[in-house]
Amino acid sequence: MHRYSGGATTTWRAFARFVMFAFGWVVLVVSTTGCIVDDMPALTDMVTTAKLREYYGNPNNYTGITYNQAVGLQFQRDVLGALPGPRVLQSNRKPFTSGERERRSGRFRSVIPDGVTGAVEGFHGSLHPVISTHPESTFVEVKAVKGVVNLEYAQYQILGMLDALSKSPAAFSTGPDRAYPSLYFVVCGDTTIGTDIGDVAASRNILVWVSSVVDHGGGKLQVHRPWCMNCGAVLQGKQLPAPTLDGPSFYVQKLRASGDRGLDKPILDDGLVGHPGTPGNTRPH
Amino acid sequence: MKSDPRSRRPTNTKGWAVCWSVKKSEVEALLAEEKWTLDPEHSIPHHPAYVSDRGELLFVSASGKGLLYASRQELMEKSAARASEPQPQHVLEGNLPQGPHFIEAVPSLIDELARILKVPRESLDCSFDSLYLVEKALKKIRPKRRILEIPNLFPGLIAYAGEVLRKATGGEWFLTEVGGSIYEPYIRHGPGGRYMNPWLELYKSITEPGGISLHVIVSAELPHPDDLKPRVIAENEEPNDDYEFYMEYVEGPKGGAYRPAMRRRTK
């Protein structure tokens, strides 16, 4: 009995030695090649909400939802200036009425997409190159959200956008080269888009595009070329859009601290609260 | 049913059809207790709507929560009336009556803001910390959409947020005329004409779900020291074609979804 037990111990020791030897080789291979799985990217990855927080910092010590809003707002501003395509998209200033959102939420009667642009006949990409034939037919929505964005997200905000797009000029385009309305999401690596968005959009002939944001390290980000979520369903029998280019890369900056402007101390000519500056100055933008 | 949602205070806004937010368990109880038929006109994939024998309408979301309308007929009438209303073309349309005279009105608007919010006028000293005080006072206004309905409250908030920006940067007020006699107020700072917008995100935070973080909105508008230099935006010199991004389908506890993913490009 004792001899049998000793033999088992020896076998276990030999097995443990083999495991340690094999593990050592794995560590050596991984450390020299940089990866263990062929599909694992080595240098770039998608930016996550956690990484965005790291890049933007938190100089004002915001917490919870307030901090999420601060990061989301800054991310939105950075991304809208660096979308794929030749143009910089300005923030949208127009509310789009959505009866469907109001019926489903009972409270919110319109949507205000982050960016709005047009659509072009015969062009089935996400952002049209120069001149559009159908204005206000593409909505851009930037989401730095950890989790699922689906139709009912934010009191049916996305459903409201699809509803508004289904009444956009491009929605009434006809013919073989008709223009299509588009909803274009720019998201983080940990944001998922619910399938219900693609399904409902396809039923209304609206294209849904998704771009992830690539993290090149050191605060350098880039909006990747858009991927069409439902082109197969909407453009049945038609040629699918050719891939577009990535957006320009850009560097994010730390959030502004409320205590330190980082600017020279302002010299106000009045010292009074509420001095109107230059009255009546209406020079154009 | 343990708690009847109809016995609670309705959740609809003023002037809209009477409705109640309903929890998932209450949706299940409602559907079990009464006879409901599918309403194809109001149903969308994954989000069905049901009509009861007594004319109620129940919207059910993919997550199982719902919205119960007291009367489908009333909802249809309100929807039709709303559709015939003129649609705003700009977030400031009807919300900034001062128009071209807004800049001159800034001091009096801030005085009025203090009066409306019932905060001491001297506490509105255009400091960042004073924005917390304004936020706190705004929380008392419910529903928050009333902020747009109280005369001169929204213009007062724009004026005050703008003054905080102006004081912080040494910038100046600036009006831009857009179509339909709407004037957009900005604070302009720096030789490059950096514009700070004190109204757009403020309006969005009032009309969308979530709280109003005036402090966040104002600090996001402030120019970063690096904004005064040319911003580094470079085209890709060497795009990495070895990898491609795509959206992969994943099954979650609440249904399917697509998430961004990365893979080696197949040659």
Practice item. Could you calculate the FRET efficiency of A:K238 with B:V178 from 1/(1 + (r/R0)^6), where r is the beta carbon distance between them and R0 is 45 Å, rounded to 0.05? Key: 0.75
Study note, to complete from the structure: Among B:D53, B:D129, B:D111, the residue with the largest mean-square fluctuation in a Gaussian network model of chain B built from Cα contacts under 10 Å is B:D53
Check your understanding: Given only helices, namely DSSP H runs of n ≥ 4 each adding -39500 (n - 2.57), what is the per-residue ellipticity at 222 nm of chain B, to the nearest 500 deg cm²/dmol?
Key -> -9500 deg cm²/dmol
**Study point:** Pairs from B:K24/B:K140; B:K140/B:K167; A:K220/B:K139; A:K146/B:K23; A:K94/A:K238 whose Cα-Cα separation, in the structure shown, is over 31 Å
**Key:** A:K220/B:K139; A:K94/A:K238
Check your understanding: Which is the longest stretch in chain B that no exposed loop site breaks, taking sites as GluC sites (Glu not before Pro) with a DSSP loop state and at most 11 other Cβ atoms within 10 Å?
Key -> B:42-234
Practice item. Go ahead and run the numbers for FRET between B:Y132 and A:K146, Cβ-Cβ distance against an R0 of 30 Å, rounding to 0.05. Key: 0.65
Check your understanding: So how much slack lies between A:R17 and A:V88, counting 0.36 nm per residue of separation and subtracting their Cα-Cα distance, in nm?
Key -> 19.5 nm
Study note, to complete from the structure: Ordered by number, the trypsin sites (Lys or Arg not before Pro) in the stretch B:73-175 that occupy a DSSP loop and have at most 12 other Cβ atoms within 10 Å are B:K118, B:K139, B:K140
Point to revise | P(r) histogram, all alpha-carbon pairs of the stretch B:55-173 included - 5 Å bins from 0, percent | key: 2, 9, 15, 16, 14, 11, 8, 8, 8, 6, 2, 0, 0
Exercise for review: Could you tell me the distance between the Cα centroids of the stretch B:93-127 and the stretch A:216-239, to the nearest Å?
Suggested key: 45
Check your understanding: Which of B:T13, B:M76, B:V60 sits farthest toward the positive end of the charge dipole of the stretch B:5-83, with +1 on the Cβ of Lys and Arg and -1 on the Cβ of Asp and Glu?
Key -> B:T13
Check your understanding: Can you give the three extents of the C-alpha atoms in the stretch A:45-251 along their principal axes, from longest to shortest, in whole Å?
Key -> 54, 41, 28
Study note, to complete from the structure: Longest principal axis of chain B (C-alpha) makes with the long axis of helix B:128-138 (C-alpha) an angle, in degrees to the nearest 10, of 40
Check your understanding: How far is helix B:72-83 tilted, in degrees, relative to the longest principal axis of the Cα atoms in chain B, given as a value from 0 to 90 rounded to the nearest 10?
Key -> 30
Study note, to complete from the structure: Here the whole-number average of other chain Cβ atoms within 10 Å per Cβ of B:13-24 is 2
Point to revise | Angle in degrees between helix B:24-33 and the longest Cα principal axis of chain B, rounded to the nearest 10 | key: 30
Study note, to complete from the structure: Between the residues B:P198, B:L131, B:A220, the Cα farthest towards the positive end of the dipole of the stretch B:99-223, that dipole coming from +1 and -1 charges on the beta-carbon of Lys, Arg, Asp and Glu, is from B:L131
Check your understanding: Based on the Cβ-Cβ distance from A:D177 to B:R263, what FRET efficiency comes out when R0 is 22 Å, to the nearest 0.05?
Key -> 0.10
Study note, to complete from the structure: Over its alpha-carbon atoms, the stretch B:23-70 yields an Rg and a Dmax in Å of 9.6, 25
Point to revise | Radius of gyration, Dmax [the stretch B:99-223; alpha carbons; angstrom] | key: 13.7, 41
Revision key, fill the gap. If every Lys and Arg gets +1 and every Asp and Glu gets -1 at its Cβ, then about the Cα centre the stretch A:45-251 yields a dipole, in debye to the nearest 20, of 380
Point to revise | Spin-label pair B:Q73/B:S43, simplified geometry with 7 Å Cα→Cβ offset, distance in nm | key: 2.4
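Rule-based calculations on the coordinates, nothing more; no lab input. These figures come from a predicted structure and were not determined experimentally. Reconstructed Cβ throughout: ideal geometry from the backbone, glycine too, with neighbour counts over all protein chains shown.
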